[in-house]
Amino acid sequence: MKHLISPRILTGLFVIGLGGQAVADCNAPAWSSTTQYKGGEAVVYQGGAFKARWWANVGVAPDTSNPWDVWQFIQPCSSGGNSSSVQASASVSSSGIIVGAQCNWYGNSYPVCQQAASGWGWENQQSCIAYADCASLPAPYGVMGGNSSSVLSGSSVSSSSRLSSSSSIPLSSSLPSSSSSVSSIASSSLSSSSSSMAVPEGNSWTYTAASASITAPAQLVGNVGELQGAGSAVIWNVDVPVTGEYRINLTWSSPYSSKVNTLVMDGTALSYAFAEATVPVTYVQTKTLSAGNHSFGVRVGSSDWGYMNVHSLKLELLGGLTIRSPANFAQLPSGSNIQVVYEKQGSGRLTYSVNDGATQLYGGESPLTIPTQGDGVYRLKFGLEGTVLSSNLRVTVGSANVPEFVEASGTQFVLGNKPFYFNGSNQYYLMYKPEPMANDFFARAKALDMKVVRTWMFCNSSSTHDGVCINKKSGSSFILVKPESERTADEKALITRSFERFDNYVAQAEANDMRLVLSLSDYWDYFGKIEDYGPYGSASGRALFKTFITNLLNHVNPLTGKAYKDDPTIMMWELANEPRYTTGNFADFKVWVADIAAHIKSIAPHQLVSIGSESSFGIALDDTYASLVELNRDPNIDAISAHLYPTSWRMTDEQVLSNIQKLADLAREVGKPAYIGELGWPAHAQRTTGSNFIELSSFTDQAAVDSFVSISLTQRANYMESWYAKAYANKDAIGGFLIWQLSGKEWGNGGTPLRGCQWCAGPYGEPTGGWSGNHDGYQFYCALNEAEMSLTQLGALGSNKEGDKIHMDLHKLSCDVMKAYSGKYRSLMQ
């Protein structure tokens with residue numbers, strides 16, 4: 001189906017000219033329904049009084065896979081040929097088509113094209129529809145002769161100025177459960193602030209586009225919202241009276257071709273491919289909505305395609321559950337039972353479990369009395385039969401020994417009977433650099449009041465790194481996977497030395513009252529990659545990986561006296577650092593996640609497990625919101641990870657903040673806590689506009705580097721402030737933030753003489769007196785004392801992105817932001 005643009009659509013487009021190009025003859029060949037023009041630059045229609053071409057987005061090369069995208073006016077043609085106006089009375093043209101005939105195109109009236117060869121296109125500066133296309137429509141639509149049919153629902157364009165973008169439509173609770181009538185703003189009688197609202201089972205509310213907030217250049221035509229160019233939007237802002245599970249039905253059509261636009265579901269914007277649909281189609285999603293305002297609809301972003309219709313919204317309440325008491329983290333008297341006061345909507349029974357025990361069903365009235373088995377901490381999980389609703393509580397009865405392990409309770413991390421929030425940093429070199437270098441890092445992390453550190457606890461490459469690699473590849477196997485009896489003396493020594501590095505940083509974390517998030521493998525091939533064990537779908541490959549995990553987690557740390565699996569300092573295991581999947585191997589990846597997560601839980605049931613994913617929400621990968629929901633609902637996944645790299649992924653500032661919001665929405669939907677595992681801005685990149693940036697590529701002119709870095713590191717601090725603020729605003733769902741990454745001083749790696757090569761740092765384990773280089777550009781440096789503020793030298797030059805020094809004064813800006821948010825998060829745990 002070729003694409004029609006009405007005169008209304010033209011007003012929303014960016015009008016362009018072709019400077020220096022000859023004006024086309026108005027009698028040049030017209031648009032042919034049998035010819036496909038895909039060149040983008042070529043003129044694809046000439047006739048009437050102007051010419052037009054196809055161009056997907058202004059200034060962006062066209063997508064040849066979608067040849068019928070947006071038409072754009074270019075300029076008038078050179079003569080007045082074929083420019084007579086459409087006659088008011090019907091007559092027959094030379095092509096046999098009734099002159100003045102109109103087409104009822106699904107309730108809207110357009111002229112029928114007067115040239116037999118015309119398809120969707122322009123004649124005489126009017127939009128028209130090919131006779132064959134119109135005649136093929138089902139009744140009551142189709143060719144109407146010279147006058148509009150009374151069947152039309154209305155073809156006049158309603159002004160959008162009467163619809164306030166901030167208007168909110170309350171849901172009426174007075175409707176019977178079978179109601180399908182259209183609610184209007186005026187007829188609603190309840191506001192979202194009603195405290196005694198009891199919504200009957202099965203309530204549903206339907207809204208036409210007339211009750212939506214419509215943003216120009218979109219237009220309201222009858223009861224249909226017509227999306228046009230960038231900025232168009234049809235959005236309903238609805239006040240939901242009760243927290244519950246709702247079925248959301250959004251009806252749309254795309255009669256001209258498939259379109260990619262932004263679907264807004266509960267305020268979350270998702271890029272969505274709307275297939276070609278000449279009749280209305282309904283998008284259905286079931287979501288848990290809290291009481292209050294929510295928004296739904298479709299909008300056209302700057303890179304979206306636009307030009308489709310939005311018809312109606314229908315919300316159906318499937319069930320609701322609110323726990324009134326006790327409060328989360330409540331302290332109850334010794335020996336008391338737990339009385340749970342609740343309100344529910346829907347026919348399903350209350351479900352509950354105590355301390356991860358069997359799920360119980362309760363069909364009685366509120367309150368529910370749960371008998372206790374002595375004093376202690378009780379973990380309660382509630383739900384509603386037939387829905388995915390869940391609510392988690394932790395209460396303490398009497399005095400109790402506080403659990404040492406960080407746990408997950410709903411969308412929060414908890415420690416004992418208090419919420420646990422954290423600010424922290426990554427630093428991967430802890431696993432292979434000399435112990436004093438790791439100790440220096442923890443001293444700096446403590447000075448910033450950090451509570452969690454993320455690092456690596458793996459290596460499965462074919463070589464060592466500064467003399468260590470815990471699971472070095474050995475033939476067709478790996479040294480820690482092999483039975484001990486089959487390991488050589490050198491392999492045993494390598495394992496021992498590698499464990500010493502691990503043992504040291506675990507003990508350092510414990511000594512500094514910090515927790516660890518540890519990745520067990522990597523998608524990237526720096527220290528060996530996950531595919532070295534085999535593809536996700538390989539059972540034998542997963543068996544190798546699981547053997548490594550078993551032998552690793554059962555290792556007893558002589559510095560702490562605890563096996564890794566029993567050490568509460570280890571807060572969480574990540575299956576891998578940034579494991580990626582595509583639509584082609586998603587099924588295998590899901591099997592891999594389930595298998596590896598279950599294996600870890602079977603060994604270390606008290607420690608949390610995360611996938612370790614980037615969760616880009618389709619920005620950089622195939623990880624759509626829906627696929628992330630599916631993966632993170634695995635019962636052995638406790639927390640949701642996300643990474644963000646604005647420069648690598650070419651993200652605007654708005655997109656970065658939007659992804660943080662999507663992470664919070666995902667956590668709420670899945671009912672598990674989220675954390676930002678990596679986020680950073682490189683010292684050698686400066687934001688210009690939008691998603692654009694400039695990058696420093698030469699570092700020999702130190703004066704030029706200094707000037708550049710003074711801007712980029714100031715930008716970094718400003719971005720960090722906005723990132724932290726967004727995560728903190730969603731603290732009910734995002735419990736932690738781990739920046740990439742805090743660095744410190746360099747100790748010798750055995751490369752001599754000092755600075756004798758690019759990466760040589762001198763005798764092993766000896767202090768260099770300089771900083772570890774900013775080799776990826778993402779490091780930041782925080783001084784422990786005033787003397788360090790004037791220290792700029794490097795321990796090894798490497799590929800330092802700040803030239804031949806570290807700019808301590810500029811890094812302080814980011815350090816101050818980090819320390820401030822460490823304090824904010826700590827105050828939440830008082």
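Being at pLDDT 90 or above, crowded, with 18+ Cβ neighbours inside 10 Å and not in a strand (DSSP E or B): is that true of residue 773 here?
So residue 773 fits the description; yes.
State whether the residues of region 410-424 include one that is closer than 30 Å to residue 287 by Cα, assigned to a strand (DSSP E or B), of a type in the set (Gly, Ala, Ser) and modelled with pLDDT under 95.
no
How many of the residues in region 534-579 are surrounded by 16 or more Cβ atoms within 10 Å (Cβ to Cβ), in a helix (DSSP H, G or I) and not aromatic (Phe, Trp, Tyr)?
12
If residue 329 passes every condition in (1) at pLDDT below 90; (2) farther than 30 Å from residue 373 by Cα but one, which one does it miss?
Failing condition for residue 329: (2).
What residue, of 805, 812, 824, 819, is assigned by the TED database to the domain that holds residue 467, charged (D, E, K, R) and in contact with an Asp or Glu (Cβ under 8 Å, 6 or more places away or on another chain)?
Unique residue meeting the criteria: 819.
Residue-wise test of (1) assigned to a loop (DSSP other than H, G, I, E, B); (2) surrounded by 18 or more Cβ atoms within 10 Å (Cβ to Cβ); (3) at pLDDT 95 or above.
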{"position": "246", "(1), (2), (3)": "no, yes, no"}
{"position": "249", "(1), (2), (3)": "no, no, yes"}
{"position": "256", "(1), (2), (3)": "yes, yes, no"}
{"position": "264", "(1), (2), (3)": "no, yes, no"}
{"position": "273", "(1), (2), (3)": "no, no, no"}
{"position": "293", "(1), (2), (3)": "no, no, no"}
{"position": "304", "(1), (2), (3)": "yes, yes, no"}
{"position": "312", "(1), (2), (3)": "no, yes, yes"}
{"position": "321", "(1), (2), (3)": "no, yes, no"}
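Tell me which residues, restricted to region 436-493, are among the charged types (D, E, K, R), assigned to a loop (DSSP other than H, G, I, E, B) and under 38 Å from the mean Cα position of the chain (by Cα).
Selection gives 449, 451, 466, 472.
Specify which of the listed residues (438, 509, 493, 443) is under 15 Å from residue 570 (Cβ atoms), among the small types (Gly, Ala, Ser), modelled with pLDDT of 95 or more and out of contact with any His (no Cβ under 6 Å at 6 or more places or on another chain).
Testing whether each residue is under 15 Å from residue 570 (Cβ atoms), among the small types (Gly, Ala, Ser), modelled with pLDDT of 95 or more and out of contact with any His (no Cβ under 6 Å at 6 or more places or on another chain) leaves just 509.
Could you tell me how many of the residues in region 340-352 are at pLDDT 95 or above and either over 27 Å from residue 203 (Cα atoms) or among the charged types (D, E, K, R) (or both)?
1
For residue 652, are the conditions met, namely being at pLDDT 95 or above, of a type in the set (S, T, N, Q), over 14 Å from residue 675 (Cβ atoms) and touching a Pro at 6+ places or on another chain (Cβ under 9 Å)?
no
Given the options 347, 336, 312, name the one that is closer than 27 Å to residue 282 by Cβ, touching a residue at least 60 places away in the same chain (Cβ under 8 Å) and over 33 Å from the mean Cα position of the chain (by Cα).
So the residue among 347, 336, 312 that is closer than 27 Å to residue 282 by Cβ, touching a residue at least 60 places away in the same chain (Cβ under 8 Å) and over 33 Å from the mean Cα position of the chain (by Cα) is 347.
The values are calculated or read from the model by the stated rules, or taken from the named source; none is laboratory data. All values derive from a computational prediction rather than experimental measurement. Cβ: placed from backbone, ideal geometry, glycine included. Neighbour counts: every protein chain shown.
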